[in-house]
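The structure appears right after this line, and notes come after that.
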Amino acid sequence: MRMVDYADLVKTIVTQLVTKPEDVEVRQDSEDGKVKVSIKVNPEDMGRVIGKAGSTIKSIRVVAKAASIKSKEKIDVIVEE
């Protein structure tokens, strides 16, 4: 089974949220049967990606998890400082 490009999905969402899309970096790694997607944005855009009480990043995680259901992969989306 080919690995789904969750990084591309997350990058598509995040670049629409931020004021500096050129600074968006999204990386995907697999370890211990789990997929980890790391998001790095301009410090000025950090609040836009996280949202009030983490609501935006929670929504991004929900979309990524929904995309992973078919492949039965565990996915974790994190925002790097």
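The numbers here are math on the coordinates, done by the rules we state, and not lab data. The structure presented is a predicted model; accordingly, all values stated were derived computationally and were not measured. Because the Cβ atoms are built from the backbone with ideal geometry, glycine has one as well, and the counts that use them run over all protein chains shown.
Any residue at all in the range 42-56 that's surrounded by 11 or more Cβ atoms within 10 Å (Cβ to Cβ), outside any helix (DSSP H, G or I), small (G, A, S) and free of Cβ contacts under 8 Å to residues at least 60 places away in the same chain?
For the range 42-56, residues surrounded by 11 or more Cβ atoms within 10 Å (Cβ to Cβ), outside any helix (DSSP H, G or I), small (G, A, S) and free of Cβ contacts under 8 Å to residues at least 60 places away in the same chain: present.
Of all residues in the range 59-81 being closer than 19 Å to V18 by Cβ and surrounded by 13 or more Cβ atoms within 10 Å (Cβ to Cβ), which is farthest from the chain's Cα centre (by Cα)?
By that ranking, first place goes to V63.
Exactly one of these conditions fails for S59: (1) at positive phi; (2) part of a helix (DSSP H, G or I). Give me its number.
(1)
Using the structure shown, decide if S38 is touching a residue at least 24 places away in the same chain (Cβ under 8 Å) and surrounded by fewer than 16 Cβ atoms within 10 Å (Cβ to Cβ).
It is false that S38 is touching a residue at least 24 places away in the same chain (Cβ under 8 Å) and surrounded by fewer than 16 Cβ atoms within 10 Å (Cβ to Cβ).
Looking only at the range 1-41, filter to residues that are in a loop (DSSP other than H, G, I, E, B) and more than 14 Å from the chain's Cα centre (by Cα); which one of those is farthest from V79 (Cα to Cα)?
M1
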